[in-house]
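Written below as structure tokens is the structure these notes are about.
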């Protein structure tokens, strides 16, 4: 089998570092992106100086302020972050034959066969890290290995602003001593369950036969067995067109406050609708995801007349929330996904005239947000 070279590029504290790159006076200071700390919002991103105080993404802003009163709180500018994300994507596509944009700040590169072009792949990947820094002013961490799982695990270990190569054949020795909680795909609930079985490190999984793991965890048992051995056959894929858009937020403190959940939902709608319009897309299906404090996850979907208007989508999303949130238990995660995406192609019929006007209105709001930041919100978000 041909030796694979897979890299994972992860932009460090992306939103916060974009703000620091735009304003050098912020360098070396605890920066928190999320908005007014006196509002009922959450942290979107925090610089590593802020993280030293225990501030993390998804944490309520008032809690972040309690941890670090001297922190600088900034309103998120998602359009600006997407501009930088696309710039990084274009840089990577210039140097790598296959680039998969996994999220706004993560990219997989398949460099298999590039030895003929670049020589030593490790040396080239390090030079690519310097190119990204020089052209964007942003730090990143890169993991390099034989597959996507190893590359991403390596990039996490390399943070911040680092590089880690896991030589081919040394995957198990790299993974074995790592705490089980560091395995990609394992949440806190599963981590506790594994620890109760005596599985403290990734290497401990290897002690159990595949049949036992499958009997205990179903199909996820096979995932554990493979990943503990550094096995991952998933390919890096060039994304020629987008199939869906999604965004979710995990709260540092679980909540059963419906007003808070509606505000987070409005934030998700604004963010995703903005992205739809930027890419001239409309969504035909909305999916809401709720994860409770006991880790039970509920998803509910609805197919709609394709649109990218905030108000229409928020109305449906709020109805889904009311329908899905039936348990008297706190919520730890709220997510939203748009699928069945279509390109904007309004007909000239009278029926579509109102949709055109609404689209023009929100695109006008988008221009204001690009220039002045996200200062205009859905009324429900501010209530």
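A few notes on this one:
- Residue exposure sequence - 303, 136, 125 - by fewest surrounding Cβ within 10 Å: 303, 136, 125
- Dimensions in Å of region 228-284 - Rg and Dmax from alpha carbons: 16.8, 45
- Expected 222 nm ellipticity per residue - DSSP helices of 4 or more, -39500 (n - 2.57), all of the chain, to 500: -13000 deg cm²/dmol
- The alpha carbons of region 186-227 occupy a box of 22, 17, 16 Å along the principal axes, longest dimension given first.
- For the chain, the longest principal axis of the alpha carbon atoms and the long axis of helix 353-372 meet at an angle near 60°.
- Separation in nanometres of the label points that stand 7 Å from Cα toward Cβ, at residue 103 and residue 319: 3.1 nm
- Computed over region 15-72, the P(r) curve from all C-alpha pair distances, binned at 5 Å from the origin, holds 4, 24, 35, 22, 12, 2 percent per bin.
- 0 to 90° range, to nearest 10: angle between helix 310-324 axis and the chain longest Cα axis: 70 degrees
- Equivalent ellipsoid, region 160-209 (semi-axes from 5 times Cα gyration tensor eigenvalues, Å): 22, 15, 7
- In terms of its alpha-carbon gyration tensor, region 191-304 comes out oblate; a/c meets the 1.5 threshold, while b/c is at least as large as a/b.
- Equivalent ellipsoid, the chain (semi-axes from 5 times Cα gyration tensor eigenvalues, Å): 34, 26, 23
- Each of residue 22 and residue 122 was given a label point 7 Å from its Cα along the Cα-to-Cβ line. The distance between the two points is 3.9 nm.
- Approximating the spin labels as points 7 Å out from Cα along Cα→Cβ, the residue 298-to-residue 66 distance works out to 2.8 nm.
- Three-way shape label, region 204-258, alpha-carbon gyration tensor, a/c 1.5: oblate
- Gained length - residue 219 relative to residue 94, 0.36 nm times residue gap less alpha-carbon distance: 41.2 nm
- Using C-alpha pairs under 8 Å with a sequence gap of at least 6, the mean separation divided by the residue count of region 15-72 gives a relative contact order of 33 percent.
- Region 116-131 and region 2-42 have Cα centres separated by 25 Å.
- Over the chain, relative contact order from alpha-carbon pairs under 8 Å, at least 6 apart, %: 15 percent
- Structure remark: mean-square fluctuation, Gaussian network model of the chain, C-alpha springs under 10 Å; the largest value among 113, 218, 162 belongs to 218.
- Comparing 230, 54, 35 in a Gaussian network model of the chain where C-alpha atoms under 10 Å apart are linked, the largest mean-square fluctuation is found at 54.
- Using the Cβ-Cβ distance between residue 196 and residue 233 with R0 = 30 Å, the FRET efficiency computed as 1/(1 + (r/R0)^6) comes to roughly 0.50.
- Ordering 11, 197 by the number of other Cβ atoms within 10 Å of each residue's own Cβ, fewest first, gives 197, 11.
- Area projected by the alpha carbon convex hull of region 17-149, averaged over all directions, nm²: 8.9 nm²
- Its Cα gyration tensor gives region 134-266 an equivalent ellipsoid, and the semi-axes of that ellipsoid, as √(5λ) in whole Å with the largest first, are 28, 25, 16.
- For region 86-103 versus region 238-283, the spacing of their alpha-carbon centroids is 23 Å.
- Crossing angle, helix 148-158 versus the chain [Cα axis fit, 0-90 degrees, rounded to tens]: 90 degrees
- Of 106, 234, 270, the residue with the greatest mean-square motion in the GNM of the chain, using alpha carbon springs below 10 Å, is 234.
- Residues 293, 133, arranged from fewest to most other Cβ atoms within 10 angstrom of their Cβ, appear as 133, 293.
Just so you know, all these numbers are worked out from the coordinates, no wet-lab data involved. Given the structure is predicted, the values throughout are model-derived calculations rather than measurements. Reconstructed Cβ throughout: ideal geometry from the backbone, glycine too, with neighbour counts over all protein chains shown.
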